[in-house]
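Handing you this structure, nothing more for now.
The values are calculated or read from the model by the stated rules, or taken from the named source; none is laboratory data. Remember, it's a predicted structure, so these values are computed and weren't measured experimentally. So basically every Cβ, Gly included, is an ideal-geometry build from the backbone, and we count neighbours across all protein chains shown. Areas reflect the complete protein model, heavy atoms only, side chains present, ligands, DNA and RNA absent. Shrake-Rupley method; radii C 1.70, N 1.55, O 1.52, S 1.80 Å.
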Amino acid sequence: MKAFTNANPGDLKRAAALAAEAHAQGRTAAIVGGGSDLLGMVKDHLISPDVLVNLKAISGLDRVASRGGALTVGGQITLDALGRDPLVRRQHAVLAEAAESVGTPQIRNVGTLAGNICQRPWCWYFRNGFPCLKNGGNMCYAAGGENQFHAIFGGGPSHIVHPSDTAVALLALDASFRIVGSGGSAAPSGERLVPAGEFFTLPRVDPSRENVLAKDDVLADIRVPAARRGTRSTYHKVLDREAWTHAVVSAAVVLEMDQQICRSARVVLGGVAPIPWRLPEVDQMLAGRRITQDLASKAGDAAVAGARPLAKNGYKVPLTKNLVRRTLIDLAARPQGDR
């Protein structure tokens, strides 16, 4: 491991400026929160930063605040603290459940919300240093290789899946991400608010990245709108083993209920696409209707419309279909007021 400089800025703008200065000098900079994914990538020789911009010295980035029912969640809150936060658990169970499903207790005690959202893919070709699209190469080895856990939606030219559990929940909650940068033509103030639906990017936009963050950008906090009356939510995740691993398929579901009638729905999938995958057709199918076994089955069928599995991951199609069906039935059957 080569020598690097550790910088401890006192605020986010200084953090972004330090990253921008390093890049302007031809040096590489990495933003550090919990550092669990970054450490793994350094050990695997996937990155070798010259400057580590450590956010831990900046106060106030690990809190949950409420204003008018809307929540502001600091990007540096640990996943353990997020999963246990009473405001989050009471108002947005889907986010608490997603946070507490990540990894192991040791990882959740260190890993941050921003880090979980921005972590790099866990494709074995990428993580093992193959010269693939994610590593600056010109091909996706998974397309014709070992693709058991790769994308069935939105793939091409890269077929990775987005690994974050919390990102799936936040898209279902229609959250927005506050990003602080060093300032530029796109955002002269150095700060912008990006809807979750616009934050993540498909490989066809740029196969080397998964989101809109520039090299000097920091994900500061996440804004979650107030839950409307009758809203209930949940996160269900399927793993290939009980020990620590990422979702094979997951579903975040947010329903706004009026007694037995679903006024509106947001269903988002994880583990099946290079970004958290929204299902607007399913949302429309559920709106204004009572969620019965039959409707939930039809929603499951609609959830996999357009799926394009690779040679070894076709099992994800029925798995996704049944996960959506079961999650909808479970959530719709919960007592009124149980979020």
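If the convex hull of the alpha-carbon atoms of the chain is projected onto planes in all directions, what is the mean projected area in square nanometres?
Directional mean of the projected Cα hull area for the chain stands at 16.8 nm².
With a 1.4 Å probe and all protein chains in place, put ASP37, ASP330, ASP62 in order of accessible area, largest first.
Result of the area sort, largest leading: ASP62, ASP330, ASP37.
So if I place +1 on the C-beta of Lys and Arg and -1 on the C-beta of Asp and Glu, and nothing else carries charge, what would the dipole magnitude of the chain be about its Cα centre? I want it in debye, nearest 20.
Value, rounded to 20: 440 debye.
Hey, another quick one. Which FRET efficiency, nearest 0.05, do ASP294 and LYS215 yield, Cβ-Cβ r, R0 35 Å?
Taking R0 as 35 Å, the efficiency between ASP294 and LYS215 is 0.10.
In whole percent, how big is the carbon plus sulfur part of the accessible area of the chain, probe 1.4 Å, protein atoms only?
Carbon plus sulfur share of accessible area: 51 percent.
If you take the charge dipole of segment 192-313 about its Cα centre, with +1 on Lys and Arg Cβ and -1 on Asp and Glu Cβ, which of SER264, PRO195, VAL253 is farthest toward its positive end?
Selected residue: SER264.
Here's another thing I want to ask about it. What net charge is computed for the residues neighbouring VAL317, neighbours being all others with C-beta under 14 Å from the C-beta of VAL317, Lys and Arg scored +1, Asp and Glu -1?
+4
Starting from the Kirkwood radius over alpha-carbon pairs of segment 195-257, derive D by Stokes-Einstein at 20 °C in a medium of 1.002 mPa s and give it in µm² s⁻¹.
The Stokes-Einstein estimate is 141 µm²/s.
Would you mind checking which residues have amide H under 5 Å from VAL102's amide H? H placed 1.01 Å from N; only 5 or more apart, or other chain.
Long-range HN contacts for VAL102: none found.
Apply the Karplus curve 6.51 cos²θ - 1.76 cosθ + 1.60, θ = phi - 60°, to the phi angles in segment 167-179 and return the couplings in whole Hz, x for Gly and Pro.
Using θ = phi - 60°, the values come out as 4, 5, 5, 5, 5, 5, 8, 6, 6, 10, 10, 8, 10 Hz.
If amide hydrogens are placed 1.01 Å from N in the peptide plane, which non-local residues have theirs closer than 5 Å to the one on CYS262?
Result for CYS262 returns GLY288, ARG289, ARG290, ILE291.
Also: Just in segment 57-139: which trypsin sites (Lys or Arg not before Pro) are loop by DSSP and have at most 16 other Cβ atoms within 10 Å?
Passing both the DSSP loop test and the Cβ count: ARG63.
Also, I was wondering about something else. Taking 0.36 nm per residue of sequence separation and subtracting the Cα-Cα distance, how much length would be gained by fully extending the chain between GLN259 and THR104, in nm to one decimal?
52.1 nm
Considering only protein heavy atoms, with the full assembly of protein chains and a 1.4 angstrom probe, order ARG326, ARG120, ARG232 by accessible area, largest first.
Descending accessible area places them as ARG326, ARG120, ARG232.
Among 164-171, 197-204, how do they line up by average Cβ neighbours within 10 Å per residue, starting with the highest?
Listed from highest to lowest mean packing, they are 164-171, 197-204.
If you take the beta carbon distance between LEU87 and ASP174 as r and set R0 to 25 Å, what does 1/(1 + (r/R0)^6) give as a FRET efficiency, to the nearest 0.05?
0.90
Explain nothing, just the number: dipole magnitude of segment 114-266 about its Cα centre with +1 on each Lys and Arg Cβ and -1 on each Asp and Glu Cβ, in debye rounded to the nearest 20.
Using Cβ point charges on Lys, Arg, Asp and Glu, segment 114-266 gives about 160 debye.
If amide H atoms are built 1.01 Å from N in the plane of the peptide, which residues on other chains or at least 5 residues away come under 5 Å of the amide H of ASN211?
It is THR201, by chain and number.
Next question. What does the extension gain come out to for VAL238 and ALA65, with contour length at 0.36 nm per residue minus their alpha carbon separation?
Going from the current span to full extension adds 59.2 nm.
Over the chain, what is the mean sequence separation of C-alpha contacts under 8 Å (at least six apart), divided by residue count, expressed as relative contact order in percent?
Over the chain, the number comes to 17 percent.
Ordering LYS312, LYS237, LYS13 from largest to smallest accessible area (1.4 angstrom probe), what's the sequence?
Final ranking, largest accessible area leading: LYS13, LYS312, LYS237.
Shifting gears a bit: With the cut-off at 1.5 for a/c, could you classify segment 6-66 from its C-alpha gyration tensor as rounded, prolate or oblate?
Oblate.
Note down the net charge around GLY136, summing +1 for each Lys or Arg and -1 for each Asp or Glu among other residues with Cβ under 13 Å from its Cβ.
With Lys, Arg at +1 and Asp, Glu at -1, the neighbours total +1.
Okay, moving on. Kindly write out, for segment 146-160 in residue order, the coupling ³J(HN,Hα) from the Karplus curve 6.51 cos²θ - 1.76 cosθ + 1.60 (θ = phi - 60°), rounded to whole Hz, with x marking Gly and Pro.
7, 10, 4, 10, 9, 6, 10, 10, x, x, x, x, 9, 10, 5
Toward the positive end of the charge dipole of segment 76-205, about the Cα centre and with charges on Cβ (Lys, Arg +1; Asp, Glu -1), which of GLY129, ILE160, ALA143 goes farthest?
Of the options given, the answer is GLY129.
Quote the FRET efficiency, to the nearest 0.05, computed for ARG127 versus LYS56 with a Förster distance R0 of 22 Å and r equal to the Cβ-Cβ distance.
That gives a FRET efficiency of 0.30.
Related question: Given an 8 Å cut-off on Cα distances and at least 6 residues of separation, report the relative contact order of segment 68-216 as a percent.
Reported relative contact order: 19 percent.
For a bin width of 10 Å, list the pair-distance distribution of segment 148-275 built from all Cα-Cα distances, rounded to whole %.
Pairs per bin, as whole percents: 12, 34, 34, 17, 3.
Then there is this: Please work out whether segment 1-120 counts as rounded, prolate or oblate from its C-alpha gyration tensor, where a ≥ b ≥ c are the square roots of the eigenvalues and a/c under 1.5 means rounded, while otherwise a/b larger than b/c means prolate and anything else oblate?
Oblate, because a/c is 1.5 or more while a/b does not exceed b/c.
Here's another thing I want to ask about it. Antiparallel DSSP bridges in segment 26-138: what percent, to the nearest 5?
The antiparallel fraction comes to roughly 55 percent.
Can I ask one more? When ligands, DNA and RNA are left out and all protein chains stay put, how many square angstrom of accessible area per residue does the chain have with a 1.4 Å probe?
That works out to 44 Å² for each residue.
I need the per residue convex hull volume for segment 124-178, using only the alpha carbons, in cubic angstrom as a whole number.
117
Of the chymotrypsin sites (Phe, Trp or Tyr not before Pro) in segment 202-283, which ones lie in a loop per DSSP and count no more than 12 other C-beta atoms within 10 Å?
Taking segment 202-283 and a limit of 12 other Cβ atoms within 10 Å, the loop chymotrypsin sites (Phe, Trp or Tyr not before Pro) found are TRP244.
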